[in-house]
Amino acid sequence: MLKAIILIGGPMKGTRFRPLSLELPKPLFPVAGFPVIYHHIEACSKLSDLREIILIGFYQPNDALNKFISQSQVEFQVQIRYLQEYSGLGTAGGLYHFRDQIMTGGPEMFFVMNADVCGDFPLQDMLDSHRALPSSAICTVLATEATRQQSLTYGCIVENKDTHEILHYVEKPETFVSTTINCGIYLFTPEIFQPLEVAFKKNLEENYSFQGFMNKGFDYQVPSKEVIRLEQDVFLPMAATATLFVFHTSQFWSQIKSAGAAIYANRHYLAIYKRTHPERLTLNSEGKPKITGDVFIHPSAQVHPTAVLGPNVTIGRNVTVGEGVRVRESIILEGATLQDHCCILHSIIGWHSTVGFWTRVEGTPNDPNPNKPFAKLEIPSMFTEDGRLNPSITVIGSSVQVPSEVIILNSIVLPHKDLSGCYKNQIIL
């Protein structure tokens, strides 16, 4: 029997995803027509021995999350539960805190997936690989390759090339360690709770020491005794103990840390649909809009037959697309209206927003360097060193009114704004 745990974080996370995460928890943001964690759940549901999926985070229970869980349970015929942390407990604190819930029913193994990654998850291959490992194996880490420079922003793995045992692990090293990076997807046996307990007790001791300093008048910030960082507190001491192993994937994988990353993930999930769900992609036909490349259109959307969509476009629920509209490399969210002859390029149009006649909304893509093998999507800082906004995709927040015959370029518009003119490289508060 297997279980899967998806770590969804909380409202203090996902700040680089604003203003989109102001309206909806980031894990529920729709990419390629479905919430981010829907793709995780779909991948997990293909495991024949899976009995339960547990979401762990510190979001307050809300209607959107409850509705998503209910609908997913019905669709995938698997039990899904949400366990709420009282505070952010780190990437492993929630696992230890809810260890009894995770072990209920006696699972043989369980997957742990970070919600802020996307990809063509090879879970069955990971499982088969782990079952072939020595009996001492406690964890298999999904890994992929990155460039030397980009590897410095990920967890880096040094492995025995013959046995695939992890000999050394460093989270975001200051100097080059390895081009093999951690994908944030893990397969654990129940024995993982032993090193988690060691990390927890170590934190207790350090917390007690900090309290002693505080009592003597030292002004130190006391760390929470239940915060456990899986990468630093657990993997580091497990390396080179014949308990930690790596499984390599060459399939699509990326982080979703920003709105630009959502556009990038949208492109790749649509491409995956060609193999896994061709029925989700819209095809050219008489009386329908012209489709170029991969396009998802929700059945409830109204799209004028003279519109031109694609490549890599998602049209959400109850969207209205007018005559002569052009959309490319964009996500149009539920209830938005694109009026006649507007042009949307490399942008996200928020829920229930309206783009006026003949208006152009355009962003700048931030794709990986195609000339560098294994290059990953980079998430640049929002501002340049001299304080200017870095060019990126344009994000129109929810319920925004964009007037006719204007240009919005490389800008971020917060929700509930009525724009009055053209904007370039601005954040409209």
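The values are calculated or read from the model by the stated rules, or taken from the named source; none is laboratory data. Bear in mind the structure is a predicted one, so any value in this text is a computation, not a measurement. Heads up, the Cβs are rebuilt from the backbone with ideal geometry, glycines too, and the neighbour counts pull from every protein chain shown. Keep in mind that these areas ignore ligands, DNA and RNA; they rest on the heavy atoms of the full protein, side chains included. Shrake-Rupley method; radii C 1.70, N 1.55, O 1.52, S 1.80 Å.
Worth pointing out:
- Pairing residues of region 231-248 that are open to solvent by less than 60 Å² (accessible area, probe 1.4 Å) with residues that are of a type in the set (Val, Ile, Thr) and in a loop (DSSP other than H, G, I, E, B), at Cβ distances under 6 Å and at least 6 apart in sequence or on separate chains, gives Thr243/Ile138.
- Checking every residue in region 336-352 against the condition of being within 14 Å of Leu409 (Cα to Cα), β-branched (Val, Ile, Thr) and touching a helix residue (DSSP H, G or I) at 6+ places or on another chain (Cβ under 8 Å) gives at least one match.
- Sole exception among (1) aliphatic (A, V, I, L, M); (2) within 26 Å of the chain's Cα centre (by Cα); (3) within 20 Å of Ile332 (Cα to Cα); (4) surrounded by fewer than 16 Cβ atoms within 10 Å (Cβ to Cβ) for Ile407, by number: (2)
- For first residues located in region 120-132 and surrounded by fewer than 18 Cβ atoms within 10 Å (Cβ to Cβ), partners that are part of a helix (DSSP H, G or I) and charged (D, E, K, R) and lie 6+ apart or on another chain with Cβ distances below 7 Å do not occur.
- Answer residue from region 124-139, given it is among the hydrophobic types (A, V, I, L, M, F, W, C) and out of contact with any Leu (no Cβ under 6 Å at 6 or more places or on another chain) and is nearest to Ala262 (Cα to Cα) among those: Leu127
- Scanning region 382-409 for residues that are closer than 18 Å to Lys257 by Cα and part of a loop (DSSP other than H, G, I, E, B) yields Met382, Asn390, Pro391, Ser392, Ile393, Gly397.
- Some residue of region 28-46 being assigned to a loop (DSSP other than H, G, I, E, B), more than 24 Å from Leu95 (Cα to Cα) and among the basic types (Lys, Arg): no
- Here Val355, Val325 are screened, and the one residue that is buried (at least 19 other Cβ atoms within 10 Å of the Cβ), in contact (Cβ under 8 Å) with a residue 12 or more places away in the chain and over 23 Å from Phe29 (Cα atoms) is Val325.
- Only a single criterion out of (1) at pLDDT 95 or above; (2) surrounded by fewer than 18 Cβ atoms within 10 Å (Cβ to Cβ) is not satisfied by Thr15, namely (1).
- Test: Trp358 is at pLDDT 95 or above, part of a loop (DSSP other than H, G, I, E, B) and within 17 Å of Ala259 (Cβ to Cβ): no
- Extreme residue, farthest from Ile348 (Cα to Cα), among residues of region 315-337 that are in a strand (DSSP E or B) and of a type in the set (S, T, N, Q): Thr320
- Within region 321-375, the set of residues being of a type in the set (D, E, K, R) and on the phi < 0 side of the Ramachandran plot comprises Glu323, Arg326, Arg328, Glu334, Asp340, Arg360, Glu362, Asp367, Lys372.
- Looking across region 77-118, the residues that are on the phi > 0 side of the Ramachandran plot and among the small types (Gly, Ala, Ser) come down to Gly90, Gly105, Gly106.
- No other residue among Leu95, Leu89, Leu55, Leu47 is in contact with a strand residue (DSSP E or B) (Cβ under 9 Å, 6 or more places away or on another chain), at pLDDT 95 or above and farther than 30 Å from Val413 by Cα apart from Leu55.
- Against the list (1) of a type outside the set (Val, Ile, Thr); (2) in contact with a strand residue (DSSP E or B) (Cβ under 7 Å, 6 or more places away or on another chain); (3) surrounded by 19 or more Cβ atoms within 10 Å (Cβ to Cβ), the condition Asn312 fails is (2).
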